[in-house]
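A short write-up of the structure that comes next.
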Amino acid sequence: MEISEQVLQTSEKYILQLRALYVANGYRPYRMSKFEEYDLYAKNKGFLVSDNVITFTDTNGRLLALKPDVTLSIIKNSQDLPQELQKVCYSENVYREDKGTKAFKEIMQTGVECFGKVEDEDVYQVIILAAKSMQLLAADWVLELANVDAVMWQRLAASEFAGHLHLTPVIPVDANYYNGTVFKGYINGVPSAVLSGGQYDRLMEKMHRHSKAIGFAVYVDLLERLEQVQTAVQDDFLNVALPKGRLGEKVYAMFAKAGYECPSILENNRKLFFENEEKKIRYYWVKPNDVAKYVERGAADLGITGLDILAEYEPDVTELLDLKIGICRMMVAGIKGAKMNETSTLRVATKFTNIATKYYRSKGRDIDIIKLHGSIEIAPLLGLSDVIVDIVETGTTLKENNLEELETVLPISARLIANKSACKFKQEKIDLVKKELGNILVNE
């Protein structure tokens, strides 16, 4: 029975096409359970995107987890045959915490794992298969690679995909698990990597396997945007998210001085969107706390945000430049002259819960986080907390409320950030902006 493409969802269509590609290249379809014993993930947390895993107890009293990762399950449930080559492909759901909302969501992945007697030729073929996957998905794509030796790169550069392959000094991965070549695939108009993979021999060693391994996954959920991208007009404007207020005005002045002026932005009106056709640049006014979200999700190519936002929310963006403005500091402060009990749990009031937690964890201090959204300084005065962690510029508010600075957590300034996908497809324009703004900083 033939099935019309019209009845398939976008994700289903791409899953079937990718599976056909993988099977045609000798990969055996692999199916697995939706859950696994939690102990597998507890022992290999560094390989997971998030430490948080959905767990439950089955009828036999075993602690199980909804699968947050496919690779770990495949390796655990396969034989260790270091003298043979095993090639499997899969289409499976994983259950992970969303970085933005902190809620769990179901994510569909399709990909391949190649393990056992993996030699250089096999590594090459897996990279080429990743390139074929990208070619199947879109016409305008890039496969970024790191840790590629000269011989391998020479072969890849001679392949039919040479124009789409970019060598980069580093792709951040956990060195405790990965080794050798790693790679990520990007599509123009999709804000984050749609494919990710690499060699992970060190994970195999950690799981007491003698085999070598390499694989990659395609994030099928992101492919839902492909039809929108393919029908949309992709222009060559640079889209810049500016934070509303004094900081944004200072930043715009720097952009204008660098040759990226847009006179309409200075008009007295309530418009939030401005563009200069000649300079090929657009500006948006957005709330300061939202800039990183606009950049991370691809609504803006560039943005300006404080290091406090980057440290607190850890958005998946590229930090390009310290603009040396908006300078302040993240401080621990408490009642002036108050004695702290070093052995009791420290009560910390803050709206920067992640920064505070990481800071005190690095000091080995047990804390009780009290999340507040404003008037943080009053918390110690009313006995709600022992200290606060907050941004300090002049220190006047602290002094007027009988508080004093105790420890510096983080120096803060405004940073120029970029969308990771935009860095691949608008690299020349973004590099030029970074260079021109850097020249202004040097000359001031």
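The values are calculated or read from the model by the stated rules, or taken from the named source; none is laboratory data. Note that the structure is a prediction, hence the values are computed from the model and not measured. All Cβ positions, glycine included, derive from the backbone under ideal geometry; neighbour counts span all protein chains shown. The area values use the complete protein model at the heavy-atom level, side chains included, leaving out ligands, DNA and RNA. Shrake-Rupley method; radii C 1.70, N 1.55, O 1.52, S 1.80 Å.
Miscellaneous remarks
- Options V233, V229; residue that is surrounded by 15 or more Cβ atoms within 10 Å (Cβ to Cβ) and at pLDDT below 95: V229
- Cβ-Cβ under 9 Å pairs, at least 6 apart or on other chains, region 22-34 side surrounded by 12 or more Cβ atoms within 10 Å (Cβ to Cβ), far side assigned to a loop (DSSP other than H, G, I, E, B) and charged (D, E, K, R): M32/K67; K34/K67
- Residue among A349, A422 that alone is small (G, A, S) and touching a Ser or Thr at 6+ places or on another chain (Cβ under 6 Å): A349
- Reported count of residues in region 87-118, each being free of Cβ contacts under 8 Å to residues at least 60 places away in the same chain and either of a type in the set (A, V, I, L, M) or closer than 13 Å to A213 by Cβ (or both), is 2.
- Criterion: modelled with pLDDT of 95 or more and of a type outside the set (S, T, Y) - qualifying residue of L247, L266, L320, L272: L320
- When residues of region 133-151 are limited to those that are within 22 Å of A24 (Cα to Cα) and part of a helix (DSSP H, G or I), the one most open to solvent (accessible area, probe 1.4 Å): Q135
- Test: residue in region 383-391 that is open to solvent by 50 Å² or more (accessible area, probe 1.4 Å) and not aliphatic (A, V, I, L, M): no
- Residue match in region 314-329 (condition: farther than 20 Å from K429 by Cα and open to solvent by less than 10 Å² (accessible area, probe 1.4 Å)): no
- Neighbours by Cβ (under 7 Å, 6+ apart or cross-chain): first from region 416-444, under 16 Å from L323 (Cβ atoms); second assigned to a helix (DSSP H, G or I) and open to solvent by 30 Å² or more (accessible area, probe 1.4 Å): L416/K434; I440/K257
- Any hit, region 75-83, residues being open to solvent by less than 40 Å² (accessible area, probe 1.4 Å) and under 27 Å from the mean Cα position of the chain (by Cα): yes
- Considering region 281-298, the residues that are out of contact with any helix residue (DSSP H, G or I) (no Cβ under 8 Å at 6 or more places or on another chain) and in a loop (DSSP other than H, G, I, E, B) include one that is farthest from I417 (Cα to Cα), namely K287.
- Single match in L247, L307, L272 (criterion: out of contact with any helix residue (DSSP H, G or I) (no Cβ under 9 Å at 6 or more places or on another chain), among the hydrophobic types (A, V, I, L, M, F, W, C) and either crowded, with 19+ Cβ neighbours inside 10 Å or under 25 Å from G438 (Cα atoms) (or both)): L307
- Selection of helices (runs of 4 or more DSSP H) fully inside region 1-85 by the criterion of at least 2 residues being over 20 Å from Y95 (Cβ atoms) returns 10-24.
- Residue check: A299 meets all listed conditions (1) among the aliphatic types (A, V, I, L, M); (2) buried (at least 21 other Cβ atoms within 10 Å of the Cβ); (3) in contact (Cβ under 8 Å) with a residue 60 or more places away in the chain; (4) closer than 23 Å to K102 by Cα but one, namely (2).
- Considering the conditions (1) surrounded by fewer than 18 Cβ atoms within 10 Å (Cβ to Cβ); (2) at pLDDT 85 or above; (3) among the β-branched types (V, I, T), V220 is excluded by exactly one of them, (1).
- Considering K420, K371, the condition of being open to solvent by less than 70 Å² (accessible area, probe 1.4 Å) and under 27 Å from the mean Cα position of the chain (by Cα) is satisfied by K420 alone.
- At least 2 residues being over 30 Å from I304 (Cα atoms) is the threshold, and among the helices (runs of 4 or more DSSP H) wholly inside region 152-269 those reaching it are 201-206.
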